[in-house]
Amino acid sequence: MTAPLTVTPNIPDPDDFYTELICAHAGLSKADSDALNARLILVLANHIGDRDVLRAALEAAAPKTG
């Protein structure tokens, strides 16, 4: 059975994590920042490893239209 996607706040010290994330992008060009984001997504997706959860995350993150 697939674990449900957690969409409620679940990161300890979220403001500190946000600061770390922003600092990781400091001084990067737009292209390098985009590449960092892509690598981070792939690293975290690999860590999750559950295709159903990843599919649910894609749906949750997709822009809402209409």
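When Cα Rg over 2.2 N^0.38 Å is calculated directly from the model, which label among (i) 1.30; (ii) 1.58; (iii) 1.42 fits?
Correct label is (i).
Give the peptides 28-37, 49-58, 7-16 in descending order of average Cβ contacts within 10 Å, highest first.
49-58, 28-37, 7-16
From the helices alone, meaning DSSP H stretches of at least four residues, give me the mean residue ellipticity at 222 nm for the chain, per-run term -39500 (n - 2.57), in deg cm²/dmol to the nearest 500.
Theoretical 222 nm ellipticity from helices: -20500 deg cm²/dmol.
Here, each number is a calculation from the coordinates, and none is a lab measurement. Since the model is a prediction, treat every value here as computed from it, not as a measurement. Positions of Cβ are generated from backbone atoms using ideal geometry, with glycine treated the same way; all protein chains shown enter the neighbour counts.
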